[in-house]
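The values are calculated or read from the model by the stated rules, or taken from the named source; none is laboratory data. Bear in mind the structure is a predicted one, so any value in this text is a computation, not a measurement. FYI the Cβ positions are ideal-geometry reconstructions off the backbone, even for glycines, and counts take in every protein chain you see.
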């Protein structure tokens, strides 16, 4: 049974119950005959009215706009009133005089009701038109639309939702433009270098030893481009939720030790001390080990890259209720207050790191992986340097 049919049956049961209740009240006041007349008039009248209203409701498209639908509803209500008045007059031998003026009153009250409803509906229709026109403007590409309504009702809630949608779309478009600009910036330099190196090799005017050097540089730039494209592809898949992992029990202590040892050669080359400080009762996490390892590696690589010589990078971890928190802290210059809110967005890099080899995707990928595990990642307060902390579910 459809939802419309169930709604109609409930309405029929309700009006029949009201008819029986009205009949009982009439019987208490005027006896059994009055009760019978009341039930015989009200029950069929209620059934016919509900069936007619349900039929019209299923054919709203034929009625046109809301104003016309409100008018039809008022006509149905007044018609039911007039029909009830006429039936009572016929069955209970009401005088023509009384029946006429009762019907006249019913018509007058119906017109007043329709007029009052029209006045109220005009504001509703104006709000509906504003929301409709605003959504149409958003659909045509306008991202500076104000959805203002004149009341605090369901239409105002709809307008607020539409306003939030428009703001999200505007923010996403700004992010896309910034992303395209950042990708263009990061692609332009290696592509330009590749073109210049390739032209130099093709011209054949350079010595053989320089030729081998140029070919080596070509390989470096090709690998950098490949890594950038791979990171972009993986970030898009992560944010779209296209990657499925198998979460398992992960030994956090062993995972951290592996990541630290993998980063040690790069840290030693920069005269940076890297170590782990973990409690004995840390326990295990419930995560995908490869992805969790990548988060750690990205954070460690980012920390080492921005830590000066003779600095240090420390990995700490702690067990919290239902989660394991891991922190990577460095003694670098830190992140300015104006950049802290955007540090986990793609291609966000501080001015000091603009010339580094990183493309600004490491923290964005780390955030996507952590959030896909149901955790969160954030910047902890630090007196000096930077402390990046994230949490994943505990095993």
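Scan region 356-365 and give yes if some residue there is touching a strand residue (DSSP E or B) at 6+ places or on another chain (Cβ under 7 Å), modelled with pLDDT under 90 and part of a loop (DSSP other than H, G, I, E, B), otherwise no. Looking through region 356-365, none of the residues is touching a strand residue (DSSP E or B) at 6+ places or on another chain (Cβ under 7 Å), modelled with pLDDT under 90 and part of a loop (DSSP other than H, G, I, E, B).
Yes/no per residue for (1) touching a strand residue (DSSP E or B) at 6+ places or on another chain (Cβ under 9 Å); (2) at pLDDT 85 or above; (3) farther than 27 Å from residue 104 by Cα:
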| position | (1), (2), (3) |
| --- | --- |
| 28 | no, yes, yes |
| 47 | no, yes, no |
| 53 | no, no, no |
| 62 | no, no, yes |
| 86 | no, no, no |
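Residue count for region 307-332 under the criterion of being in contact with a helix residue (DSSP H, G or I) (Cβ under 6 Å, 6 or more places away or on another chain) and under 14 Å from residue 386 (Cβ atoms): the result is 4.
To keep it simple, each residue is scored yes or no on (1) within 25 Å of residue 311 (Cβ to Cβ); (2) surrounded by fewer than 16 Cβ atoms within 10 Å (Cβ to Cβ); (3) assigned by TED's automatic domain parsing to the domain that holds residue 312.
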| residue | (1), (2), (3) |
| --- | --- |
| 235 | no, no, no |
| 254 | no, yes, yes |
| 257 | yes, yes, yes |
| 282 | no, no, yes |
| 288 | no, no, yes |
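Mind checking whether some residue in region 169-189 is at pLDDT below 75, in a loop (DSSP other than H, G, I, E, B), over 25 Å from the mean Cα position of the chain (by Cα) and loosely packed, with under 15 Cβ neighbours inside 10 Å? No; the residues of region 169-189 include none that is at pLDDT below 75, in a loop (DSSP other than H, G, I, E, B), over 25 Å from the mean Cα position of the chain (by Cα) and loosely packed, with under 15 Cβ neighbours inside 10 Å.
Can we say residue 124 is more than 30 Å from residue 228 (Cα to Cα), at pLDDT below 80 and in a helix (DSSP H, G or I)?
Values: more than 30 Å from residue 228 (Cα to Cα): yes; at pLDDT below 80: yes; in a helix (DSSP H, G or I): yes.
When the stated conditions are applied, residue 124 passes them.
Can we say residue 43 is part of a helix (DSSP H, G or I), more than 41 Å from the chain's Cα centre (by Cα) and surrounded by 14 or more Cβ atoms within 10 Å (Cβ to Cβ)? Before you say what the answer is, go through the steps one by one.
Details: part of a helix (DSSP H, G or I): yes; more than 41 Å from the chain's Cα centre (by Cα): yes; surrounded by 14 or more Cβ atoms within 10 Å (Cβ to Cβ): yes.
Criteria met by residue 43.
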